[in-house]
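Novice: Take a look at this one; I'll ask things after.
Each reported figure results from applying straightforward, stated rules to the coordinates on display, with no laboratory input. Model, not experiment: these values are computed from the prediction. Ideal geometry is used to build each Cβ from the backbone, glycine not excepted, and the neighbour counts take in all protein chains shown.
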């Protein structure tokens, strides 16, 4: 069964600290993996998209890693800011089929001053 | 560019009432989607339209209908609302249909059915 699991469910960190969010998936055959940021009351916004051959991808203070062999990904946030408070959703795309995106349930990050 | 817009932002319905959620995009995208987001669950695809003039069922289509009015607009209709349809609904669009096309999401409609 194609699934995407994220951990932790929620996380509270102090402003300025780093954190790492985890994503494990069983989607096969794999096409790509995306991380989205969803602010409260808003729609998800794409942070990164990684294909099978990419191990690391950065977008400012956000760095995503992918290990396609173990089917794991992480999102590392450096020097967190209050504006990083949001839900972070891991999405894995299947190679075939029209309904081919599998969404994780997200990690709710709260950055406190 | 406004991107993907949705109306209304909030709606409360009584069981059995009907309503239509509107979605429009100004990015000249070919494909559009409707998702629902429930607490503790990932986004689930309700219906999608790969291109103007076509619509197809997603993972959870029961109780919904859609219309691709033109290339810009894709509406979602609830004919007889049920409490189980209480959710946040997101419309999205992408340039094409397929695994590598990025989807752009609207701000969502929060629907409560009592």
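Novice: Using a/c under 1.5 as the rounded threshold, could you call the range A:1-56 rounded, prolate or oblate? The axes a ≥ b ≥ c are square roots of the C-alpha gyration tensor eigenvalues, and prolate needs a/b larger than b/c, oblate otherwise.
Specialist: prolate
Novice: Going out from 0 in 10 Å bins, what whole percent of all Cα-Cα distances in the protein assembly as shown drops into each bin?
Specialist: 8, 33, 35, 20, 4, 0
Novice: Here's another thing I want to ask about it. Working from the alpha-carbon coordinates of the range A:35-74, get Rg over Rh, Rh being the Kirkwood radius.
Specialist: 1.04
Novice: Additional query: Shielding by partners for A:47-54, please: the mean number of other protein chain Cβ atoms within 10 Å of each residue's Cβ.
Specialist: 1
Novice: Another question, if that's okay. In nm, to one decimal, how far is the residue A:40 label point from the residue B:10 one, both placed 7 Å along Cα→Cβ?
Specialist: A separation of 1.4 nm, rounded to one decimal place.
Novice: Another one. Can you give the mean number of other chain Cβ atoms that lie within 10 Å of the Cβ atoms in peptide A:99-106?
Specialist: Shielding by partners across A:99-106 averages 6.
Novice: OK, next. To make sure I understand, if each residue's beta carbon is the centre and we count other beta carbons within 10 Å, what order do B:78, A:66, A:11 fall in, fewest to most?
Specialist: With the fewest neighbours first, B:78, A:66, A:11 line up as A:11, B:78, A:66.
Novice: If you don't mind, there's one more thing I want to ask. Please compute, for peptide B:30-41, the average count of beta-carbon atoms on other protein chains lying within 10 Å of each residue's beta-carbon.
Specialist: That average works out to 2.
Novice: With contacts defined as alpha carbon pairs under 8 Å and 6 or more residues apart, what's the relative contact order of the range B:10-114 in percent?
Specialist: 36 percent
Novice: Separation of the range A:2-71 and the range B:1-55 by C-alpha centroid, Å?
Specialist: Centre-to-centre (Cα) distance: 24 Å.
Novice: Please list, in order, the residues from the range A:61-90 whose amide nitrogen is less than 16 Å from a point placed 7 Å along the Cα→Cβ vector of residue A:17.
Specialist: A:76-86
Novice: How many percent of Cα pairs in the range A:1-103 exceed 19 Å?
Specialist: 40 percent
Novice: Test of understanding: express the Cα radius of gyration of chain B as a ratio to 2.2 N^0.38 Å, with N the residue count.
Specialist: That works out to 0.99 for chain B.
Novice: Moving on. At q = 0.20, 0.28, 0.29, 0.34 Å⁻¹, what base-10 log of I(q)/I(0) does the Debye formula yield for the range B:28-70 when every alpha carbon is treated as an equal point scatterer in vacuo?
Specialist: -0.61, -0.97, -1.02, -1.21
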